[in-house]
Structures are given as structure tokens and as C-alpha cells.
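Undergrad: Sharing a structure here in C-alpha cells format.
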Amino acid sequence: MLSGEQSSASGPGSTAGEYEGQAPATRTPTHFLRKVLGRPVVVKLNNGTEYRGTLVCLDGYLNIVLENSAEFLNGELKRRYGDTLLRGSNVLYVGTIPD
């Protein structure tokens, strides 16, 4: 199913339309990542390090570029960076930061 399509799920237990007017089938990681481009995010790496910054771009391998980023280890600020490139194979998850 393409990102612009909506499923016609109905019946008992159906959750069609519960997520910002979209069917559950369109809630994909790709949809989420497109939605947060240009917004503040937190990226956690496999080694536990977190980077927080503005998501500038990413590719199909989940290589991520952040602007105005900061590195955190165990919740403690370690260093601030301008632009940061994170290798996709090291990414555990990407989440949003509330404004």
C-alpha cells in the first residue's frame, strides 16, 4: 500500500481513522520519519549514546543527519555539535522531542 492510500478496514476491533485520519496500515516508520523531518528528534544508538537535534535528512540505510545536535550519555550532556552524521547501522531508535 502506498503512503497516500487508506485501507478500507472495518468491523469489530477496527481502528480505521484513529491516527490523524489515517488507517492503521499507513502508520509506517517511513510515514513517521517523513513527518518529523525538520523537527527536533532524539536518536539512540546501540551503545546507549543519545543524540538530540533537528532531523535534516536521512536515507534508506537510516543514515541520519542532525543539525544543532548534542550528545548525551546516561542522560548527561557530553558535547554539543553543529552538524552530525549518524551511521544507520548503529541506530537503535528515533523519537520525537516535545516542543
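Laboratory data are not the source of any read-out in this text; all were calculated from the coordinates shown. The structure displayed is predicted, hence computed values, not measured ones. Note: ideal-geometry Cβ built from the backbone for every residue, glycine included; neighbour counts use all protein chains shown.
Undergrad: Hey, if you put +1 on the Cβ of every Lys and Arg and -1 on every Asp and Glu Cβ in the stretch 28-96, which of 37, 48, 74 ends up farthest toward the positive end of that dipole?
TA: Of the candidates, 37 comes out farthest on the positive side.
Undergrad: Hey, can you grab everything whose amide H is under 5 Å from the amide H of residue 63? Only 5+ residues off in sequence or another chain; H modelled, so Pro and N-termini drop out.
TA: Residues meeting the criterion, in which the H sits 1.01 Å from N, are 88.
Undergrad: Expressed as a rounded percentage, what relative contact order does the stretch 28-96 have, with Cα pairs under 8 Å and six or more residues apart? Don't jump to the answer; show the numbers that get you there.
TA: Numbers: 141 pairs, mean separation 21.9, N = 69.
About 32 percent, as a whole number.
Undergrad: Residue 68 to residue 45: FRET efficiency via 1/(1 + (r/R0)^6), r the Cβ-Cβ distance, R0 25 Å, to the nearest 0.05?
TA: Once the sixth-power term is evaluated, E becomes 0.85.
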